[in-house]
Structure formats: C-alpha cells, structure tokens
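K.L.:
Can you read through this structure? Questions will come right after.
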C-alpha cells in the first residue's frame with residue numbers, strides 16, 4: 001500500500017522531492033527511490049519532521065499503532081490504512097491526547113459505484129431496502145504474486161486476508177445501510193493456502209426492518225464483488241467487473257443501466273480494482289488537514305466497525321477459540 005499512496009500523492013501534484021518514505025528493508029527503499037524519485041530513509045531519526053506536514057501509515061495492520069505513534073510524537077496529521085486490530089484502534093483513540101487529526105482508511109466510501117448506491121438508498125426512490133447480499137471474494141495467493149504468502153501480513157491469523165476484508169467491507173456497508181442492531185456469523189479455514197488463517201467469513205446483519213448478508217473469502221479463483229439489493233419496488237445488481245449498475249424497476253418491468261465514470265487500473269493489480277478511489281481518499285485526507293469535515297471516517301467509527309467483527313467472531317466461538 002505504501003507504493004500506491006506514493007502514486008496517489010504524485011497524482012495529486014505532490015512533487016517527489018516533498019515525499020519521504022521510511023522502510024527498514026533496503027530493497028524497498030531502492031525500489032521506491034528508483035521508481036518514484038522520492039526521498040527514502042531507514043529510520044525515523046533520519047527524517048527532519050520539522051519540514052513534514054502529514055504522515056501516511058502504510059504498515060501491516062498489527063504495526064499501525066507504531067506508525068501512528070510517530071505522528072503523535074511530532075504532532076502531525078496522520079492517515080492510517082484499514083485496520084483489523086481492535087486493541088490497537090482503541091490505543092490510537094486513547095493516546096491521542098493532543099487531538100491530532102487521525103484519518104482511518106475508508107477506501108470504498110470513494111468508490112463511484114458505492115457512492116451512487118448510497119444516493120439511491122438514501123433517496124428512497126424505490127422504497128426502503130428489504131434485504132441485501134454482498135460477496136467479496138479473491139484468491140489470497142494472487143494478492144502479492146511477487147512474494148511468498150508467508151512473507152507478508154495476510155498469513156498472520158490476526159491480520160489474515162479474509163479477516164482484514166470483513167471490516168474493510170463493513171465500513172461502506174454501515175455508511176450506506178447504517179449500523180445493524182445485531183450481527184452473527186461463521187468463520188472457517190476451508191482449504192490449505194499455505195498459512196494458518198480462516199479463509200471464509202459468512203456474516204448476517206440484522207436491522208430493525210431489513211436483513212443483510214456479507215460473505216468474504218480469499219479462496220475464490222476469480223476475484224469478485226457482487227452486490228444485490230432488494231428494494232420494495234426494485235432490485236439493484238452490481239458486479240465489480242462491470243462499469244455500470246443494473247436496476248430492475250418493478251413499475252415498468254424493465255432494467256435500467258446506470259453507467260459510471262471511467263476507472264483507472266494500475267498495472268500488476270486486479271482489473272477489478274479502481275485506482276481513482278485511492279486518489280480521492282488521499283485528497284480527502286489532505287483537505288481534512290484544514291477541515292476535518294472533509295474526511296468521512298473517524299477512529300471512533302473504525303472502532304465501532306471492528307467491534308462488529310468481534311461480535312461476528314464471538315457468535316462462532318470467538319477469535320481465540322480452541
């Protein structure tokens with residue numbers, strides 16, 4: 001994610017000479033300097049933070065607090081990648097004694113499709129939502145095909161691929177649908193991926209007057225994100241490999257296509273991944289430095305979402321079950 005955030009900054013007009021990257025691995029420092037022309041350092045102490053305006057923490061999820069702590073130490077606004085470790089999110093909240101601006105990642109809030117879905121749901125143009133089903137699936141070994149799966153955080157059970165994606169998806173779901181009053185689910189290891197993680201999460205979300213289903217897996221050989229929303233007077237469908245939403249309108253008995261903006265795809269990443277939303281997210285963070293209302297997520301919201309993950313796991317024996 002660090003390289004992606006560098007690309008975001010450059011896309012927003014930030015000069016390479018004004019970007020500093022810290023990484024203990026020499027190969028990554030060399031790659032970043034060669035490919036992007038940024039300044040690189042091995043240690044925090046190698047950087048003069050008097051000239052730094054903001055910090056972006058793109059570390060493994062179980063290392064997020066270490067990066068945020070640096071920002072707190074120098075009193076710098078900080079963007080932090082999507083979290084999955086509830087205890088660390090609470091540490092960020094509790095130790096922010098100087099009320100530093102903290103922007104937890106919420107990438108899919110900037111996805112053009114889901115922004116349109118939110119408008120449709122909020123408008124009630126088709127009546128209320130009755131139920132929804134969403135499946136987010138991909139193959140773990142395709143995430144970083146250039147390195148072994150055990151070489152990065154997705155092979156760690158606490159930060160495992162499927163477990164990490166649950167709050168990633170819940171963040172946009174609660175933004176569009178609201179917070180459920182109750183959640184339950186199952187999480188299991190269903191096949192051997194060369195690491196000891198649960199690869200599938202099946203989650204049920206119970207609202208006052210509707211129900212939702214979230215399925216997350218990292219064993220699907222074809223990357224997908226499929227969404228179906230049943231309204232009183234319509235059905236909405238979306239596949240992540242399509243550039244449009246399809247809506248069946250009961251009143252006319254016909255399908256309507258909503259074509260969305262062109263998407264940017266970075267070489268080496270899945271064609272289902274839209275780079276625009278990452279750029280828009282960092283732009284919102286930079287704007288949020290001046291006005292926090294410009295950024296749609298907070299550490300408090302992040303904690304609430306991670307508590308939903310905890311409740312889902314607790315309904316199936318808990319994360320630390322034997």
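K.L.:
How large is the translational diffusion coefficient of segment 72-118 in µm² per second when you combine the Kirkwood radius over alpha carbon pairs with Stokes-Einstein at 25 °C and 0.890 mPa s?
P.N.:
Rounded to a whole number, D works out at 199 µm²/s.
K.L.:
Treating the angle as unsigned and between 0 and 90°, give the value, to the nearest 10°, between the Cα long axis of helix 2-11 and the longest Cα principal axis of the chain.
P.N.:
90
K.L.:
Could I ask something else about it? Provide the percentage of antiparallel DSSP beta bridges, counting only those with both residues in the chain; round to the nearest 5.
P.N.:
Among the beta bridges of the chain, antiparallel pairing accounts for roughly 70 percent.
K.L.:
Just from its helices, what would the mean residue ellipticity at 222 nm be for the chain, if runs of 4 or more DSSP H residues each count -39500 (n - 2.57) and the sum is divided by every residue, rounded to the nearest 500 deg cm²/dmol?
P.N.:
Helix contribution divided over all residues of the chain: -9500 deg cm²/dmol.
K.L.:
Continuing with this model, one more query. Would you mind checking the tilt of helix 161-177 against the longest principal axis of the Cα atoms of the chain, expressed as 0 to 90 degrees and rounded to 10?
P.N.:
60
K.L.:
Between segment 128-176 and segment 20-34, how many Å separate their Cα centres?
P.N.:
26
K.L.:
Still on this structure: Once you treat every alpha carbon in the chain as an equal point and sum by Debye, what is log10 I(q)/I(0) at q = 0.13, 0.16 Å⁻¹?
P.N.:
The calculated log intensity ratios at q = 0.13, 0.16 Å⁻¹ are -1.04, -1.54.
K.L.:
To make sure I understand, if each residue's beta carbon is the centre and we count other beta carbons within 10 Å, what order do 125, 215 fall in, fewest to most?
P.N.:
Ascending number of Cβ neighbours within 10 Å: 125, 215.
K.L.:
Assuming a viscosity of 1.002 mPa s and a temperature of 20 °C, what translational diffusion coefficient in µm² per second does Stokes-Einstein assign to segment 2-106, Rh being the Kirkwood radius over Cα pairs?
P.N.:
Taking Rh from Cα pairs, D becomes 150 µm²/s.
K.L.:
With everything on Cα atoms, drop me the angle between helix 299-314 and the longest principal axis of the chain, reported from 0 to 90° to the nearest 10.
P.N.:
Compared with the principal axis, the helix lies near 60 degrees.
Just so you know, all these numbers are worked out from the coordinates, no wet-lab data involved. Every value quoted in this text rests on a predicted model; they were computed, and no experiment measured them. With ideal geometry, Cβ positions are generated from the backbone for all residues, glycine too; neighbour counts draw on all protein chains shown.
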